[in-house]
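Participant: Quick one: the structure is below, questions incoming.
The values are calculated or read from the model by the stated rules, or taken from the named source; none is laboratory data. Note that the coordinates shown come from a computational prediction; the quantities given were computed from them, not determined experimentally. Every residue, glycine as well, gets a Cβ built from its backbone with ideal geometry; the counts of neighbours run over all protein chains shown.
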Amino acid sequence: MDQIKIGKFIAQMRKEQSLTQRRLADLLGISDKTVSKWECGNGLPEVSLMLPLCEVLHISVNELLSGQRLTASEYKTRAEENMMNLMQERLESRKKIILSAIVVCLTLLSGVTLFVLSDAPEMGVWVRVLLIAIGLVVIVGGIGVAVVLDRDAGTFECPKCGERFVPTTAAYIAGPHTITKRKLKCPHCRAVSYCKKRLTH
């Protein structure tokens with residue numbers, strides 16, 4: 001989906017309803033910064049806000065996701081395209097998560113194998129040191145790749161303001177987590193809380 005096009009469409013529809021960003025935000029129970037972010041093409045409304053937003057702007061969800069008004073003949077085609085785009089985004093996020101898990105497993109297996117080999121009898125000290133060093137590089141590098149893949153698979157949703165965001169790598173690594181949530185600082189409302197992992201943006 002074209003976030004820039006959708007953002008311009010939201011701005012156009014808002015102006016047609018004679019609404020300021022702040023007034024639209026108040027009607028939706030969010031901040032005007034969130035509306036500004038949408039209109040600048042830096043994110044999409046979360047799923048729970050799409051219907052209320054469409055009601056206020058007098059458009060359909062299909063038109064919102066298409067970033068334009070639709071004729072009756074275009075409606076069905078665009079609905080199918082939008083559904084396929086959302087499914088594709090979720091699929092790509094799942095693939096990244098699975099690939100991340102595979103990378104971690106292979107990395108640990110390779111690193112442990114190198115550590116075990118370094119303990120073999122009749123091996124020179126320099127060879128042992130080299131194997132241990134390679135093992136450490138493999139583990140650190142592999143985990144780094146896995147972190148980036150998992151971080152970029154979808155977004156995290158702030159429970160306080162509903163904002164979806166991709167955290168920095170440092171914040172992602174430092175944040176305590178459960179299987180589906182990670183403790184992060186929301187860049188929008190600045191609250192620190194357990195944010196839920198979402199597979200779409």
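Participant: Determine the pairs where a residue that is over 14 Å from Gly67 (Cβ atoms) and in the same structural domain as Ile59 (by TED's automatic domain parsing), located within the stretch 5-28, has a partner that is surrounded by 14 or more Cβ atoms within 10 Å (Cβ to Cβ) and of a type in the set (Ser, Thr, Tyr) with Cβ atoms under 7 Å apart, the partner being 6 or more residues away or on another chain.
Facilitator: Gln21/Ser36; Ala25/Ser31; Ala25/Thr34
Participant: Still on this model: Right, Ile143: farther than 25 Å from Pro45 by Cα and in contact with a Leu (Cβ under 7 Å, 6 or more places away or on another chain) or not?
Facilitator: On the way: farther than 25 Å from Pro45 by Cα: yes; in contact with a Leu (Cβ under 7 Å, 6 or more places away or on another chain): no.
So Ile143 fails the test.
Participant: Tell me, which residue of the stretch 26-84 that is surrounded by fewer than 14 Cβ atoms within 10 Å (Cβ to Cβ) and polar (S, T, N, Q) is farthest from Val166 (Cα to Cα)?
Facilitator: Ser73
Participant: Determine which single condition Glu122 fails, assuming it passes every other condition in (1) on the phi < 0 side of the Ramachandran plot; (2) over 26 Å from the mean Cα position of the chain (by Cα).
Facilitator: Unmet for Glu122, out of (1) on the phi < 0 side of the Ramachandran plot; (2) over 26 Å from the mean Cα position of the chain (by Cα): (1).
Participant: When Ile10 is evaluated against the numbered criteria (1) part of a loop (DSSP other than H, G, I, E, B); (2) touching a Phe, Trp or Tyr at 6+ places or on another chain (Cβ under 6 Å), which criterion, by number, is the only one it fails?
Facilitator: Just one mismatch for Ile10, condition (1).
Participant: Here are some conditions: (1) touching a Ser or Thr at 6+ places or on another chain (Cβ under 9 Å); (2) more than 23 Å from Asn85 (Cβ to Cβ); (3) not in a helix (DSSP H, G or I). Ser18 meets all but one. Which one does it not meet?
Facilitator: (1)
Participant: Mind checking which residues of the stretch 80-125 are farther than 27 Å from Thr155 by Cβ and among the hydroxyl-bearing types (Ser, Thr, Tyr)?
Facilitator: If the condition is that a residue be farther than 27 Å from Thr155 by Cβ and among the hydroxyl-bearing types (Ser, Thr, Tyr), then Ser110, Thr113, Ser118 are the ones that fit.
Participant: Let me ask something additional. Would you confirm, using the coordinates I've provided, whether Val147 is in the same structural domain as Ser100 (by TED's automatic domain parsing) and either surrounded by 14 or more Cβ atoms within 10 Å (Cβ to Cβ) or closer than 21 Å to Leu49 by Cβ (or both)? Give the steps one after another, and end with the answer.
Facilitator: Working: in the same structural domain as Ser100 (by TED's automatic domain parsing): yes; either surrounded by 14 or more Cβ atoms within 10 Å (Cβ to Cβ) or closer than 21 Å to Leu49 by Cβ (or both): yes.
For Val147, the condition - in the same structural domain as Ser100 (by TED's automatic domain parsing) and either surrounded by 14 or more Cβ atoms within 10 Å (Cβ to Cβ) or closer than 21 Å to Leu49 by Cβ (or both) - is met.
Participant: In this structure, is Thr168 of a type outside the set (A, V, I, L, M, F, W, C) and in contact with a strand residue (DSSP E or B) (Cβ under 9 Å, 6 or more places away or on another chain)? Walk me through it before giving the result.
Facilitator: On the way: of a type outside the set (A, V, I, L, M, F, W, C): yes; in contact with a strand residue (DSSP E or B) (Cβ under 9 Å, 6 or more places away or on another chain): no.
For Thr168, the condition - of a type outside the set (A, V, I, L, M, F, W, C) and in contact with a strand residue (DSSP E or B) (Cβ under 9 Å, 6 or more places away or on another chain) - is not met.
Participant: For the stretch 49-91, how many residues are touching a residue at least 24 places away in the same chain (Cβ under 8 Å) and under 24 Å from Asp150 (Cα atoms)?
Facilitator: Residues meeting the conditions: 4.
Participant: Please state which of the following conditions Thr34 fails to meet, knowing it meets all the rest: (1) under 15 Å from Gly67 (Cα atoms); (2) not in a loop (DSSP other than H, G, I, E, B).
Facilitator: Failed condition: (1).
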